[in-house]
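Here the structure is laid out as structure tokens; the discussion comes afterwards.
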Amino acid sequence: MERILVIGALGQVGRELLEQLSNKFGVENVIAADIKQADDISNRQEILDVLDAEALRNLVKRESITQVYNLAALLSATAEKNIKFAWKLSIEGLFNVLDMAKDGLINKIFWPSSIAVFGPTTPKDSTPQHTIIEPNTVYGIGKQAGEQWCNYYHQKFGVDVRSIRYPGLIGHKSLPGGGTTDYAVDIFYEALKNSSYNCFLSSAATLPMMYMEDAIRATIDIMEAPSENIKVRTSYNIAGFSFSPAELAEKIKNHIPNFTITYNPDFRDQIAATWPSSINDEAAKKDWGWQPKYTLDDLVEVMITEIRKKI
Ligand code: AKB
């Protein structure tokens, strides 16, 4: 029987992952750990700082945890404003989890990487799985180092750690915070509330994106795949679709004809300019059967329908 700990469980990905893991393994077997508490989730909650290695180990032992999903991180825009802490959270947090697997306390780890691992010298279109990786953001540097540590712990100590390079994730159930791709969620709320949006990226900033449901399915699928199928132990590219703010605005106009968008690019536009426009995910497809379900049109449809119900 699996006993699962999700660290950073109250973030954008964590909340949706909790729901799907609970459906699969039973709500009583999925524990939500975060530095804060929420009153709208049914999983057992633990206040935990991933940097507190002792508290983490005690929790894992007490609850007989078998798998850890470590999602605790500062996203790209926030990390630029808090360099040292972003690095510490990303890397020391990862070490605390990797070391538990090395010491035999847990069997399997999920750790998310991101398209932010790529930088200005990476080929932008259909970015390959193995390519130049020279990130120039705090978040990207942390992801690059983390990927290498995952690979190192796998090669040297046999740690079963698995990872995906998430594109920008878009969902209606939980809000992102501090990312460069957050505009692609905010825009739906503003379109439905005010019929207008002031975008912090430039109109042509094309980025790889994905509907949250696909990302959660990818996360659980990679964790469920037989170990021998996981041939990449840094992190796998996965792709959904790519669009620019201008292209997304056009799609939204099909549903809200009076919608207008203005552009006021800030430092996040410079971050976006260093990231790929599209991603080649052949390795994930071949090794563990990754396949996205949602197209951009599906995404716009579901976001508008669901957010309209909420507001
Ligand atoms: C961000 O924008 O920082 C994240 C990411 C691409 O990892 N959504």
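Here are the numbers for this structure:
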quantity: Stretchable slack from residue 62 to residue 38, in nm (0.36 nm times residue separation minus alpha-carbon distance); calculated: 6.4 nm
quantity: Amide hydrogen neighbours beyond the local backbone of residue 113, cut-off 5 Å, H modeled; calculated: 164, 165, 166
quantity: For the chain, calculated [θ]222 nm from helices alone, where every DSSP H run of n ≥ 4 adds -39500 (n - 2.57); calculated: -13000 deg cm²/dmol
quantity: Sequence-distant residues sharing a close amide H with residue 233 (under 5 Å, placed H); calculated: none
quantity: Integer Hz, Karplus 6.51/-1.76/1.60 couplings in order for the stretch 254-271, x for Gly and Pro; calculated: 4, 9, 10, x, 8, 5, 10, 10, 10, 10, 9, x, 10, 4, 5, 5, 5, 5
quantity: Hz values of 3J(HN,Hα) by residue in the stretch 149-154 - Karplus curve (6.51, -1.76, 1.60), Gly and Pro given as x; calculated: 5, 4, 4, 4, 5, 5
quantity: Cβ-placed point charges (K, R +1; D, E -1), dipole of the chain about Cα centre in debye, nearest 20; calculated: 240 debye
quantity: Amide H contacts under 5 Å for residue 263, placed H, 5+ residues apart; calculated: 199
quantity: Kirkwood hydrodynamic radius (C-alpha pairs) into Stokes-Einstein, the chain, 4 °C and 1.567 mPa s, D in µm²/s; calculated: 66 µm²/s
quantity: Over 19 Å between alpha carbons, listed pairs 36/309; 231/285; 61/156; 124/251; calculated: 36/309; 61/156; 124/251
quantity: Phi to ³J(HN,Hα) by Karplus 6.51 cos²θ - 1.76 cosθ + 1.60 over the stretch 6-13, Hz, x for Gly, Pro; calculated: 9, 9, x, 5, 9, x, 4, 7
quantity: Difference of contour (0.36 nm per residue) and Cα-Cα distance, residue 132 to residue 217; calculated: 27.8 nm
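Since every read-out is calculated from the coordinates, none of them should be taken as a lab result. If you're wondering where the values come from, they're calculated on a predicted model, not measured in any experiment. Don't worry about glycine lacking a Cβ; one is built from the backbone with ideal geometry, like all the others, and counts go over all protein chains shown.
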